[in-house]
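The values are calculated or read from the model by the stated rules, or taken from the named source; none is laboratory data. Quantities reported herein were computed from a predicted structural model and do not represent experimental measurements. All Cβ positions, glycine included, derive from the backbone under ideal geometry; neighbour counts span all protein chains shown.
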Amino acid sequence: MSEATVSRVLNDRPGVAKATRQSVLTALDLLGYERPRLLQKRRSGLVGLVVPELTNPVFPAFVQAIESALAQDGYTPILCTMTPGGFPENEYIDMLLERGVNGIIFVSALHADLSADHSHYRELVQTGLPIVLVNGHLEGLPVTSISDDDEAAMRIALAHLGSLGHRVIGLATGPLRYRPSALKREAFLRGMRELAQTDASDLVEVSFFTVEGGHAAALRLLDRSVTAIICANDLMALGAVRAAQSRRLEVPAQVSVVGYDDSPLISFTDPPLTTVRQPVRAMGEAAVRALLDELRGVPIPDGHLVFQPELVVRGSTGPATQLGLGRALPARPRAGT
């Protein structure tokens, strides 16, 4: 066994197989050496919590739900926020390991980025440290993942708009390298083929998950005479409302807008936002239960738990109108033809 391997074990670093780690620790015990302090902290009651940022109100909501659930069992979260220009995720992981956390919960972190290097998650699994992934499932990784059903969310939004007579519907979403964005786009295209018998690829605009990103995407969609816009989150939806208003279009009289998340205070916007609610509290509590079950040695029967979203209808959606529309609706086939 190399000195580097022994060093990684003594410093509680990832990258060592579970059996090898146990052999080193057993050797320490047999030789009468005291285990390093880092390896004595696993009963400290600390849990790492990694989130992308806190400007989107859905992430503070996740933090609050997870923190409340952890507190009920005597655990305290160490919050790590992936702000632009801040520490990369692997450095946060090293810091959490040095603090001796009992486990780590990742919310919409690099595991949700299809283009990212996911090797550090596999290294964590090899150390035996329990981890849970929220909103992003990694195939082949034996850990619990908690996700909202992005495809169902899109079906719900399209069904609502379709019932109001909308057929020229746009999608404003974030970068497609993120799994939730990719799933929403795929479900949107399938749904539009069923609803409007059309290829809606040109009605998808990719932007940032921000008010400004939603504003820019919505302006491009409005140029294509959409009567409704579905957005990947509530912030983008607020930007879409602003874009419509900048074009002197009334929401929802001339353009309907649907958000996603049902973020805190979103019902107090003008107009109050119709959105697809992500069950944040239930997902956060499930993530904590899964982590604590693993710490207690309770087997987890299904590693990927999918939660169902819910449509919340408010004032930003209404019946479709032909006012200002320049795009012809596709002819729907008659029954029996």
*Assuming residue 300 fulfils every condition listed in (1) at pLDDT 85 or above; (2) in contact with an Asp or Glu (Cβ under 7 Å, 6 or more places away or on another chain) apart from one, which condition is it?*
(1)
_Residues satisfying the stated conditions in segment 249-264, i.e. within 27 Å of residue 108 (Cβ to Cβ), assigned to a loop (DSSP other than H, G, I, E, B) and at pLDDT 95 or above_ = 262
*What residue, of 247, 242, 220, is of a type in the set (Lys, Arg), touching a strand residue (DSSP E or B) at 6+ places or on another chain (Cβ under 6 Å) and not assigned by TED's automatic domain parsing to the domain that holds residue 140?*
220
*Restricting to segment 71-89, what's the tally of residues that are at pLDDT 90 or above and at negative phi?*
11
_Per-region count, segment 177-206, residues in contact (Cβ under 8 Å) with a residue 40 or more places away in the chain and not in a helix (DSSP H, G or I)_ = 4
_Among residues of segment 265-308, those that are within 23 Å of residue 236 (Cβ to Cβ) and in a helix (DSSP H, G or I), counted_ = 7
